[in-house]
Structure formats: structure tokens, C-alpha cells
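Presented below is the structure to which this report refers.
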Amino acid sequence: MDFFETIRSRYSVRGYKPDPVDDETLHRVLEAAQLAPTAANRQPFRLVVVHTRGREGELAKVYSRAWFTQAPLVIAVAAVPGEAWRRMDDKPYDEVDAAIAMDHLILAAASLGLGTCWIAAFDPAAARDLLGLPDDVEPIAFTPLGYPDKASAGTGRRPLEELVRYEHW
């Protein structure tokens, strides 16, 4: 699939087939996150792949929508602040870098015919518990990963004229 075709066809999937994602396809999706640009190439993020079967109850504590565990996999991206590059005003870029990695992962998944849904409205304490995160690691986002059970209904986007400024605000 061409890149622009991929970004136009990607949508937030809220229904998944139970079909497994083979290891090679999963590897390609994870590799896309690995290849994402990060500030000073620090890669201050980690990905945690969770198989949903048998863990639906635990995962429901993180995010309670039923479709969250329909996909065979859920992937979490976590930021590692201690590894982050910092801007001159000391702003750390770990969360930005983790978001870029998740975006690459989601676009790669779409290009391979997989569905995802960026989830930020999760319970952070339940996420920490499920993933066994150390205190110095922050959960940033989750996505189910699997084959969509139906085609996109389509979503609208604001016109470019509303989103883009030239030379100044």
C-alpha cells in the first residue's frame, strides 16, 4: 500500500476478528516503532505486547470497552523519562518520542491490513499493575492489534486551511 493510501485508510478500529497475528507480521509492526525518529536517537520508550486470551479481566481494568480485548494482541507504549533528551528549557521528550513510535506502529499495522485504536483514556494504575512497570516508567498509550471485523465508516477531518499557518500564527 502506498504511504498516502495508508494514512487515508487508517481508522480507529473498534471491532476485531479473533484471527491471530502471525509472528512475522507482529515483528514488522514492532520494527516500525523501533525505526521511529526520536530526539537525539535516544529511543526512550518500550513496547509491551500482551496476548489478550485469558487476560480479558486484567485488561478490562485498564480499559473497559469490550472491543479492547477482541483483538488477539494489545500493545502498550511506555516512556522512560530517565533516557529522554531534554530541550534547552529542560523539557523532556520521552512522551513525544513514545507517541511518535506508537504512530509509526499504527501506520505500519494499517499498511499490513491490521486494525488499531489509539487509547489514552486508560487507568494508569491498572496499566502499571498489568504491565509490571517500574516506578520510573510511564504508560503513554495502548492499542489493540488485530484484523478489523468491518470496514471504516469514515471520519471527517478539519480542512488544511484551519490547521496550517504560514510564517506566524
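A few points about this structure:
- Restricting region 38-61 to residues that are among the aliphatic types (A, V, I, L, M) and more than 12 Å from residue 131 (Cα to Cα), the residue that is least open to solvent (accessible area, probe 1.4 Å) is 39.
- Here region 98-116 is the region considered, the condition is being assigned to a loop (DSSP other than H, G, I, E, B) and touching a helix residue (DSSP H, G or I) at 6+ places or on another chain (Cβ under 8 Å), and the residue that is most open to solvent (accessible area, probe 1.4 Å) is 112.
- Those residues of region 53-105 which are among the hydroxyl-bearing types (Ser, Thr, Tyr) and without any contact (Cβ under 8 Å) to a residue 60 or more places away in the chain, in sequence order: 64, 93
- Whichever residue in region 32-51 is in a helix (DSSP H, G or I) and in contact with a Leu (Cβ under 9 Å, 6 or more places away or on another chain) and, among such residues, is farthest from residue 77 (Cα to Cα): 32
- Verdict on residue 149 being buried (at least 23 other Cβ atoms within 10 Å of the Cβ) and acidic (Asp, Glu): no
- Region 120-148 - residue that is among the aliphatic types (A, V, I, L, M) and part of a strand (DSSP E or B) and, of those, farthest from residue 51 (Cα to Cα): 140
- Answer residue from region 16-31, given it is open to solvent by 50 Å² or more (accessible area, probe 1.4 Å) and part of a helix (DSSP H, G or I) and is nearest to residue 111 (Cα to Cα) among those: 28
The values are calculated or read from the model by the stated rules, or taken from the named source; none is laboratory data. This structure is a prediction, so every number in the text was calculated from the model and none was measured. For neighbour counting, all protein chains shown are included, and Cβ atoms are generated from backbone atoms with ideal geometry for every residue, glycine included. Calculation scope for accessible area: heavy atoms of the full protein, side chains included, ligands and nucleic acids excluded. Shrake-Rupley method; radii C 1.70, N 1.55, O 1.52, S 1.80 Å.
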